[in-house]
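All remarks here apply to the structure that follows.
The values are calculated or read from the model by the stated rules, or taken from the named source; none is laboratory data. Remember, it's a predicted structure, so these values are computed and weren't measured experimentally. We place every Cβ from the backbone using ideal geometry, glycine too, and count neighbours over all the protein chains shown.
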Protein chains: 2
Amino acid sequence: MTADNRADHRPASPPLTERQEARRRRILNASAQLAARGGFDAVQMREVAEAAGVALGTLYRYFPSKIHLLVATMQDQLQHMHTTLRKRPPAGADPAERVAETLMRAFRALQREPQLADAMVRALTFADRSVSPEVDTVSRLTTAIILDAMGTEHPTPGQLSAVRVIEHTWHSALITWLSGRASIAQVKIDIETVCRLIDLTAPARTPEPTV
Amino acid sequence: MTADNRADHRPASPPLTERQEARRRRILNASAQLAARGGFDAVQMREVAEAAGVALGTLYRYFPSKIHLLVATMQDQLQHMHTTLRKRPPAGADPAERVAETLMRAFRALQREPQLADAMVRALTFADRSVSPEVDTVSRLTTAIILDAMGTEHPTPGQLSAVRVIEHTWHSALITWLSGRASIAQVKIDIETVCRLIDLTAPARTPEPTV
DNA sequence: CGCTAATCTAGAACAAGTTACAGACTTGAT
DNA sequence: ATCAAGTCTGTAACTTGTTCTAGATTAGCG
């Protein structure tokens, strides 16, 4: 889980030439930029194609649907966030605190581009089976971030369940905030509430024995 | 919270004649039926209108968008479920067990019509601000069901937060199951995991003192 | 009954995601 | 350098959600 740049981008089906990598990057940037103002609706395939300097058909060759595109955009952003978070790890004493702190930090980052967050999260939860592999990648990235914050190398099944529940809460709380049905304070409380599950699922094991 | 048929349907803006009520019902039934096979994509506005014997424009007068329609369909189904669940309350000893049992029962009900569930839940999480009031109604219904199962009349803020987290987990777990990224067993475990929060948020108060 | 406003119908029109296709351009191997 | 295969471009067409409009129906009221 440390420096694994395998599942990062394409699973390496065809190894993409340099120009292709550049196209892909232009597309993702255009997507993020359009999403940043205007949200989900503003990411229009024709506009993305034009902004990326690419034909519509090409855009669809790289990303077979708008949802695929936005989920890939999310992957991209999460990657950034993961490396950023690693530079300044959370300072809390116990795992629950650290996870809550990490998630709230991520949350504040998303607050700065609420429209982008909206587009990405809506795409993520709207994705159907055809996008499962990509959504799964996002999920694994999120799991990695949370486990990093916990400082847990070899999670028990119980801990994995807790992490999944935290992810569920994280996505869903984000959506309720983005659609104006919950305040930031409420999100914070709910994140802290769910993080208490961490203490619950590993109470007898890792009380920082200062090895 | 007992027999409140106020926020059930329309907030009573114009009181709807009998024929209008019938139209509305036909539309909701058509929606549920089309959703039941085919899921979200199969609920096409033209088809709903035709199946309900109503002009397209009329459909849009009753439900201003496909999302509104499906969220209303969900309200409808939840209402059924709530009354059904009330007939046979969960039998568990402590609140956490009862809530988990209730949710798994609801889950099994949805399993019987996975496509319908898919359409409704996707609509729910995809809904933007313009659907907030309706989504909020669904949320309140769900909260009512959970509080019912807990047997809690006057929840503390901490308990409300736990209930919200449970709802988040419920929706999100449902989605991951519907899109084939999680097994039923995993959903069950996660539901049980999150329900432990209930014990956590009201440990000093209601240990069944057999009043 | 006869009037008026609201509602409903049928159908066209528009918007954005998606697909299809003919022709130009790249790439990689010979 | 040349050829074949694969890729990209530009553009049109198709699908489905949504809007609009003109004329028929209905509801409520005197």
I need the full set of residues from region A:121-130 which are buried (at least 22 other Cβ atoms within 10 Å of the Cβ) and in contact (Cβ under 8 Å) with a residue 60 or more places away in the chain, in order please. A:Arg122, A:Ala123, A:Ala127
If B:Thr83 satisfies all but one of (1) closer than 20 Å to B:Trp177 by Cβ; (2) away from DNA strand D (no atom under 14 Å from the Cβ), what's the number of the condition it fails? (1)
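One line per residue, one yes/no per condition, for (1) under 13 Å from A:Pro95 (Cβ atoms); (2) modelled with pLDDT under 95; (3) more than 14 Å from every other protein chain (Cβ to nearest Cβ); (4) buried (at least 24 other Cβ atoms within 10 Å of the Cβ):
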position	(1), (2), (3), (4)
A:Glu153	yes, yes, yes, no
A:Ser161	no, no, no, no
A:Val165	no, no, no, yes
A:Thr169	no, no, no, yes
A:Ser179	no, yes, no, no
A:Ile189	no, no, no, no
A:Ile198	yes, yes, no, yes
A:Ala204	no, yes, yes, no
A:Thr210	no, yes, yes, no
Identify all residues within region B:126-155 that are within 12 Å of the chain's Cα centre (by Cα) and of a type in the set (S, T, N, Q); write none if there are none. B:Thr137, B:Ser139, B:Thr142, B:Thr143
Among residues of region B:31-87, those that are surrounded by 15 or more Cβ atoms within 10 Å (Cβ to Cβ), more than 16 Å from DNA strand C (Cβ to nearest atom) and of a type in the set (D, E, K, R), counted: 1
Of all residues in region B:43-57, which are near DNA strand D (Cβ under 9 Å from one of its atoms) and over 22 Å from B:Asp118 (Cα atoms)? B:Ala55, B:Leu56, B:Gly57
Does region A:101-120 hold any residues that are within 14 Å of another protein chain (Cβ to nearest Cβ) and either of a type in the set (S, T, N, Q) or buried (at least 23 other Cβ atoms within 10 Å of the Cβ) (or both), and which are they? A:Leu103, A:Gln115, A:Ala117, A:Asp118, A:Ala119, A:Met120
When B:Gly39 is evaluated against the numbered criteria (1) within 12 Å of DNA strand D (Cβ to nearest atom); (2) more than 14 Å from chain A (Cβ to nearest Cβ); (3) of a type in the set (Gly, Ala, Ser), which criterion, by number, is the only one it fails? (2)
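With within 16 Å of DNA strand D (Cβ to nearest atom), away from chain B (no Cβ under 14 Å) and over 18 Å from A:Asp41 (Cβ atoms) as the only criterion, which of A:Pro64, A:Pro89 stands out? First the steps, then the outcome.
Details: A:Pro89 fails: within 16 Å of DNA strand D (Cβ to nearest atom).
It is A:Pro64.
Mind listing whichever residues of region B:128-151 are of a type in the set (Lys, Arg) and facing chain A (nearest Cβ under 10 Å)?
Selection gives B:Arg129 alone.
Could we say that B:Ile175 is surrounded by 16 or more Cβ atoms within 10 Å (Cβ to Cβ) and at the interface with chain A (Cβ under 10 Å from one of its Cβ atoms) here?
Judged against the criteria, B:Ile175 is a match.
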